[in-house]
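Peer 1: Pasting a structure below so you can have a look.
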Amino acid sequence: MNKTAFYFFIGFFFFFTSNCYSKVQLKEQFRTDSVSKPFNIIFLIGDGMGLSQLSSAYFYSASEPNFSRFPVIGLSKTQSGSHKITDSAAGATAFSIGKKTYNGAIGVDMDTNAVITITEQLSNQGWRTGYISTSSITHATPASFYAHVSSRIMQEEIAKQLVYSNVDFFAGGGYRWFMNRSDSIDYSDTLLNRGFFLDTNSIDTNPDSKASRLAYLLAPDGLQPKHLGRDDFLVKATEKGIGFLDSKEKPFFLVVEGSQIDWGGHANVGEYVIEETLDFDKTIGVALDYAVKHGNTLVVVTADHETGGFTLAAEQNVGPFKTINRDYNSIVPTFSTGGHSCTMVPVFAYGTFSDHFSGVFENTKLYAIFKEITSK
Ligand code: MG
Ligand code: ZN
């Protein structure tokens, strides 16, 4: 080897090793960062949101829906333990306890035994938890995460169980179940005594800094439908919930429900379904923006079941001699039932552990994944 070749070799050797070293350093840095930041989960449920509801966001939105931002998609089978077609109670309880149960069951198994939910387990392990809905907060979907009753109609008992739960944040409607009850008990004082800031007027108010927990109950029962004038409650409550639950020390699990996509389906009103779906999509954007900025966050979006047998059909009319003319350039939101259907529903995942959510699986698998990834 001549002199020039030797120096070239030495130079290359140092360049190569220092480059390797900086790559190792970078990797280590990333690992340390993600370990030092708490891992958070934001779980958004579009009640009654099947593939046509989802598709409506693409046909009726001016901009690209947030659904397009998810790299991982799955399909969830929604049958309950008692019926081919689930209700929202059994649907949400499948997510919260990981077992198929009967229609109407809230946080209980087929034999009405209470089963500890994923959010209760995590709360016991020091996670902060929160629930947001545009229905009453005691309605089947959110209730299935914090309450254990044999029937979803027991909303006064569900309200009581929420008051005595370990939840850190909740926002929705339903103050009548806490304050105008058949047993004349008013739970507002109990909420205050248990460290809550309570507001029954607006999601915009700022709690006094001493409040360790926040409660917003903004309507006697469900909130107003979006197409009849509800404001950006769901977006604002989600921003507020994330802002409150996010801390440097503790992880959080936030459940957000777009409750009224289902109600629009039951009512067979296309505008109702579409406006609720667009509102839900906007809310998903809040969760994704947080996950992108904060890192170490998992965002999962799904539905408990489809409602209305909803489809985006072609406009059709009957011409001479009973011929049917269909205009494939004109969509008419169309329903086949006033109830639920058993078609599969989409699952979207973004962020840490999102790769677990692809494929076709039972709704109970979401619980199993939450359990697995939070035990690591
Ligand atoms: Mg619901
Ligand atoms: Zn329903």
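Peer 1: Determine whether the stretch 25-46 contains at least one residue that is modelled with pLDDT of 95 or more and either within 16 Å of ligand 2 (Cβ to nearest atom) or surrounded by fewer than 15 Cβ atoms within 10 Å (Cβ to Cβ) (or both).
Peer 2: yes
Peer 1: Determine, yes or no, whether G338 is free of Cβ contacts under 8 Å to residues at least 12 places away in the same chain and farther than 25 Å from G241 by Cβ.
Peer 2: So G338 does not fit the description; no.
Peer 1: Given the structure, is P320 farther than 30 Å from T101 by Cα and surrounded by 22 or more Cβ atoms within 10 Å (Cβ to Cβ)?
Peer 2: no
Peer 1: So S151 fits all but one of (1) closer than 27 Å to W127 by Cβ; (2) touching a Gly at 6+ places or on another chain (Cβ under 8 Å); what number is the exception?
Peer 2: Here S151 meets the rest and fails (1).
Peer 1: Can V292 be described as under 19 Å from the mean Cα position of the chain (by Cα), crowded, with 24+ Cβ neighbours inside 10 Å and hydrophobic (A, V, I, L, M, F, W, C)?
Peer 2: no
Peer 1: Scan the stretch 223-232 and tell me whether some residue there is over 30 Å from S336 (Cβ atoms) and among the acidic types (D, E).
Peer 2: Checked the stretch 223-232: at least one residue is over 30 Å from S336 (Cβ atoms) and among the acidic types (D, E).
Peer 1: Given the criteria within 16 Å of ligand 2 (Cβ to nearest atom) and crowded, with 20+ Cβ neighbours inside 10 Å, does H340 qualify?
Peer 2: In short, yes.
Conditions tested, residue by residue: (1) within 16 Å of ligand 1 (Cβ to nearest atom); (2) out of contact with any Leu (no Cβ under 6 Å at 6 or more places or on another chain).
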site: Q79; (1), (2): no, yes
site: F95; (1), (2): yes, no
site: N113; (1), (2): no, yes
site: S136; (1), (2): yes, yes
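The values are calculated or read from the model by the stated rules, or taken from the named source; none is laboratory data. Given the structure is predicted, the values throughout are model-derived calculations rather than measurements. Note that each Cβ is placed from the backbone with ideal geometry, even for glycine, and that neighbours are counted across all protein chains shown.
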